[in-house]
Amino acid sequence: MHPILFQWGSFVVPSWHAFFVLAALMGWWTLGLWGKLAWPEGQARSLDSLFLIAYIAGYTGARGLSIILEGESLSGFFELGSMTLYGGILLAAFAAILYAHWKKLSIIRLADLTLPSLMLGIAIGRIGCFLNGDDYGLPLPNQSEIPFWAVKFPNLNDELYRYPVQLIEAAVCLTIAGYSWSKRTLLKRRPGEIGTIGIVGYAITRFVLEFYRGDDRGQIFTDYLSPAQIISILVILAWAGVLVFMRYVAASGKQGKA
């Protein structure tokens with residue numbers, strides 16, 4: 001754990017905030033590169049606008065949901081504090097869908113366009129969480145035989161080895177981003193496939209990793225599933241509904257031309 005990335009006198013650069021900014025910059029940069037393939041008719045200014053809208057909405061959603069789940073005062077919204085990733089993803093997605101609708105870009109193509117950059121951003125952000133000692137995993141059940149991948153967090157003051165859930169999530173997201181780039185030729189031949197891999201792959205990963213999280217994430221509706229797990233289920237169901245609907249619309253269009 002290394003919560004302070006850099007310090008010069010009273011000037012301090014926290015690791016988490018540095019990686020948050022790095023994730024945003026890399027997301028913006030890769031969106032510009034990927035956009036040339038996934039949205040060739042889109043202008044660079046449109047990609048920049050999409051990123052800015054999603055970034056502002058993402059911060060608002062992440063900070064807002066964290067305040068709700070942790071019972072904080074709304075007056076602390078603009079203060080540096082905890083954020084909930086899924087809150088940012090959902091509000092950013094909603095804002096991006098509205099923008100895409102205005103630009104006549106389908107949800108399917110929007111997912112193909114944004115998911116690789118989002119996965120890269122999440123991976124970088126989770127490394128920042130690890131360095132800061134946030135979102136840590138459960139202690140290993142056997143503390144006498146420690147595998148090489150287990151980690152300790154000094155900020156918890158318990159000397160327990162834990163599951164490195166932040167690094168696992170980062171590795172999965174990097175894999176999804178890399179796979180998406182390797183399959184970029186599918187953008188024209190099978191639209192929606194890259195977006196589906198990102199959405200479903202991340203939702204399943206997050207659902208499973210939540211069982212190994214050791215920090216308090218709050219409870220909604222049930223004591224057995226965390227809010228993130230419930231959201232993961234809803235995201236998969238919602239995306240399945242989008243795919244079914246888009247296929248129905250496409251099939252109806254072909255029948256109408258027949």
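Each reported figure results from applying straightforward, stated rules to the coordinates on display, with no laboratory input. Here the structure is a predicted model, which is why all the values come from computation and not from measurement. Virtual Cβ from ideal backbone geometry, glycine too; neighbours counted across all protein chains shown.
Report the residue, chosen from Q229, Q43, Q166, that carries the largest GNM mean-square fluctuation when the chain is represented by alpha-carbon nodes joined by springs under 10 Å.
Sorting by GNM fluctuation, first place goes to Q43.
Give me the net charge for the shell around I127: Cβ to Cβ below 15 angstrom, other residues only, Lys and Arg +1, Asp and Glu -1.
-2
Suppose every K and R has +1 on its Cβ and every D and E has -1 on its Cβ; what is the size of the dipole of the chain about the Cα centre, in Debye to the nearest 20?
Around 1700 debye, computed over the chain.
Once Rh for the chain is found with the Kirkwood sum over Cα pairs, what is the Stokes-Einstein diffusion coefficient at 25 °C and 0.890 mPa s, in µm²/s?
It diffuses with D of about 125 µm²/s by this estimate.
If you filter region 8-96 for chymotrypsin sites (Phe, Trp or Tyr not before Pro), then keep DSSP loop positions with at most 11 other Cβ within 10 Å, what is left?
F78
For the chain, what is the number of Lys pairs with C-alpha distance below 26 angstrom, counting only pairs 8 or more positions apart or on separate chains?
Close lysine pairs found across the chain: 14.
Determine the distance separating the Cα centre of region 49-63 from the Cα centre of region 1-41; give it in Å without decimals.
14 Å
Suppose we flag GluC sites (Glu not before Pro) only when DSSP calls them loop and at most 11 other Cβ atoms lie within 10 Å. Which is the longest uninterrupted stretch of the chain?
Here the longest segment lacking exposed loop sites spans 160-258.
L5's amide H: which non-local residues (gap 5+, or another chain) put their own amide H closer than 5 Å, with H modeled 1.01 Å from N in plane and none for Pro or chain starts?
Here V13, S15 satisfy the definition.
Please list the helices of the chain that count as membrane-span-like by this rule: a mean Kyte-Doolittle hydropathy of at least -1.0 together with Cα atoms stretching 27 Å or more along the helix axis, each helix being a complete DSSP H run.
Span-like helices here: 15-38, 44-70, 107-132, 227-257.
Restricting the calculation to Cα positions, tell me the Rg (one decimal) and the Dmax (whole number) of region 122-258 in Å.
In Å, with Rg to one decimal and Dmax whole: 19.5, 70.
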